[in-house]
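*Asks:* Below are the structure tokens for one structure; questions will follow.
The values are calculated or read from the model by the stated rules, or taken from the named source; none is laboratory data. Remember, it's a predicted structure, so these values are computed and weren't measured experimentally. Here the Cβ is made from the backbone with ideal geometry for all residues, glycine too, and neighbour counts use every protein chain on show.
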């Protein structure tokens, strides 16, 4: 109710846009009161005078002329709705009549400037104007992906490209390396820009510092990986992974392989050496985005194969889709602790890959 009391009054009844805004606000607040469980009978006597005060004098006169002192809130809302529709129709009729009035005027009495404007409105566009219009519509497309749904600086495809590739695209389209607008070179650019990443005079999508930081992050991650690997190798205690022996049946031949089970991997892989050795037939290529330790992502293309994998005694076999990889993991040492082997043997656990080659 307090928001209804603060509604700004309508200044001109012929301003259809302002009239509609006032009418919409009144309806929204009335519906809000009704949604709270307040009946219209309880607030109509208080709300009707408030609405009448926000109207112009000519509208209040017409309303009193039609209803007098006996009216309800619904009568007032219905009256405003009818007035709005009538004024909107009147505005449309006047807008349609204006060109007809201009055409009936004698152009010989007009100044030359006005006649020229009238002629420009009625004549057909030239080929040059159509060419300019086509260039204008093309300028709204993204420079990197030719889509109109986003601007150049918000292009996800453009940001995924290397900086040299972005510069190559801008060069082909004759655009500036600083403001990425066409029509001038970066040496002639007068745009006042400041990169949010390095503070230099260019847009952040054309920042060289971003590529340098990503390269440094790759080097740091590589150093951390190498240091961690060396530290693990220097440790005297060994950790035995889940490995076993199985065989692949291909062309009526059995090829024994060593299998490592990784519970966290979403796909299965086979080494390129093994796929080439047993002459597997590829089913096509597949691009996989690998999520590595530390949040590093690496996209690689793999050849896809379908293999028939079986246990050693042949009692269980199944088909499995695998992707090739040059090196699946580092060298896995075999269990050579005699004490552990004897303990496992006593428990009935057989280490199947105890005497097989690394590859």
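*Asks:* Cβ-Cβ under 6 Å, sequence separation 6+ or interchain: first residue in the range 342-353 and in contact (Cβ under 8 Å) with a residue 60 or more places away in the chain and outside the structural domain of residue 260 (by the TED database), partner part of a helix (DSSP H, G or I) and surrounded by 11 or more Cβ atoms within 10 Å (Cβ to Cβ). Which pairs?
*Replies:* Cβ pairs passing all conditions: none.
*Asks:* Can you tell which of 4, 76 is modelled with pLDDT of 85 or more and surrounded by 14 or more Cβ atoms within 10 Å (Cβ to Cβ)?
*Replies:* 76
*Asks:* Looking at this structure, is residue 314 without any contact (Cβ under 8 Å) to a residue 12 or more places away in the chain and more than 19 Å from residue 243 (Cβ to Cβ)?
*Replies:* In short, yes.
*Asks:* So residue 314 ticks every box in (1) exposed (fewer than 10 other Cβ atoms within 10 Å of the Cβ); (2) on the phi > 0 side of the Ramachandran plot; (3) out of contact with any strand residue (DSSP E or B) (no Cβ under 7 Å at 6 or more places or on another chain) but one. Which box is left unticked?
*Replies:* Among (1) exposed (fewer than 10 other Cβ atoms within 10 Å of the Cβ); (2) on the phi > 0 side of the Ramachandran plot; (3) out of contact with any strand residue (DSSP E or B) (no Cβ under 7 Å at 6 or more places or on another chain), the lone unmet condition for residue 314 is (1).
*Asks:* Select from the range 242-251 the residues that are without any contact (Cβ under 8 Å) to a residue 60 or more places away in the chain and under 16 Å from residue 319 (Cβ atoms) and list them in ascending order.
*Replies:* Hits for the range 242-251 are 250, 251.
*Asks:* Regarding the range 294-305, can at least one residue be identified that is over 20 Å from residue 242 (Cβ atoms), in contact with a helix residue (DSSP H, G or I) (Cβ under 8 Å, 6 or more places away or on another chain), touching a residue at least 60 places away in the same chain (Cβ under 8 Å) and surrounded by 12 or more Cβ atoms within 10 Å (Cβ to Cβ)?
*Replies:* Within the range 294-305 (the criterion being over 20 Å from residue 242 (Cβ atoms), in contact with a helix residue (DSSP H, G or I) (Cβ under 8 Å, 6 or more places away or on another chain), touching a residue at least 60 places away in the same chain (Cβ under 8 Å) and surrounded by 12 or more Cβ atoms within 10 Å (Cβ to Cβ)), the answer is yes, since at least one residue qualifies.
*Asks:* Hey, among the residues in the range 176-199 that are part of a loop (DSSP other than H, G, I, E, B) and touching a helix residue (DSSP H, G or I) at 6+ places or on another chain (Cβ under 8 Å), which one's nearest to residue 154 (Cα to Cα)?
*Replies:* My answer is 180.
*Asks:* Same structure, new question: Mind checking whether some residue in the range 295-308 is in the same structural domain as residue 250 (by the TED database), over 15 Å from residue 259 (Cα atoms) and over 34 Å from the mean Cα position of the chain (by Cα)?
*Replies:* yes
*Asks:* Of all residues in the range 325-341, which are more than 48 Å from the chain's Cα centre (by Cα) and either modelled with pLDDT under 80 or surrounded by 10 or more Cβ atoms within 10 Å (Cβ to Cβ) (or both)?
*Replies:* Within the range 325-341, 334, 335, 336, 337, 338, 340, 341 qualify.
*Asks:* Having 3 or more residues that are under 19 Å from residue 249 (Cα atoms) is the bar; report the strands (runs of 3 or more DSSP E) wholly within the range 282-359 that clear it.
*Replies:* Strands (runs of 3 or more DSSP E) meeting the threshold: 297-310, 317-325.
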